[in-house]
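Quick notes on the structure that follows.
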Amino acid sequence: MLSLLPLLLSAATLSAPAPKSASALLEAPDRHVRTLDGRVQRLLATGVKRSPTFAALMASLNTSDVIVYIEPMQTLPNTLAGRLLLMPLNSQQRYLRVQVALAMNPDEMISIIAHELRHAIEIADAPDVRNETGLVKLYERIGRKSGLPHCYETQAAQDAARHVRRELVA
Ligand SMILES: [Zn+2]
């Protein structure tokens, strides 16, 4: 892992790609949002089913060169609820790791995952980001410093989480 982005909650309207079937997003071997954790898998399924914004985030990543692995964490530093890390490259494919803290209610966790998936799309949209230097440059440009070292935030990620949360309770 090379770097981390900050966290936290909140969201935006995406230019939604063509709708994908839920199984293409959740079960296909070539899907781009993956987890080894059964709880997270259920959260992804719930998000796709109940939140069009969440499904659009997943569909957008599915057509990108970025593959995201989501892992639950018992604890995260500081007050982070989720964070994203760029993994070392060994191919054309870029891999990101999203860590989300457990022990929140499911809707909140889905919203945090959405927030981090929006960051993943920001990276997917910047093909020149291949390492930590590129990542910092990107977020110096599109983000704002969040107070913690090496932590940046974007309005789009905050908006994504907010929209998803609203859809989940609708
Ligand atoms: Zn963020």
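Any read-out appearing in this document is the output of simple, stated calculations on the displayed coordinates, not a laboratory observation. Small disclaimer: the values here were computed from a predicted structure and weren't measured. When we count neighbours, we look across all protein chains shown, and the Cβ atoms used for this are built from the backbone with ideal geometry, even at glycine.
Each DSSP beta bridge with both residues in the stretch 24-170 is either parallel or antiparallel, and the antiparallel ones are about 40%. In the stretch 48-170, inverting the average of 1/r over every pair of distinct C-alpha atoms gives 14.7 Å as the Kirkwood radius.
The ranking of Arg165, Arg94, Arg39 by Cβ neighbour count inside 10 Å, starting from the fewest, reads Arg39, Arg94, Arg165.
Put in line by how crowded their Cβ is, counting other Cβ atoms within 10 Å and starting with the fewest, Ser146, Ser91, Ser51 read Ser91, Ser146, Ser51. The base-10 log of I(q)/I(0) for the stretch 97-168, evaluated at q = 0.16, 0.26 Å⁻¹, reads -0.60, -1.22 [Debye formula, identical scatterers on Cα atoms, solvent excluded].
Of the residues Tyr152, Tyr69, the one with the fewest other Cβ atoms within 10 Å heads the list, and the complete ranking is Tyr69, Tyr152. Legend: calculated FRET efficiency, Glu140 to Asp30, from the Cβ-Cβ distance at R0 = 35 Å, rounded to 0.05, equals 0.60.
At an R0 of 25 angstrom, the distance between the Cβ atoms of Ala126 and Ser21 translates into a FRET efficiency of 0.35.
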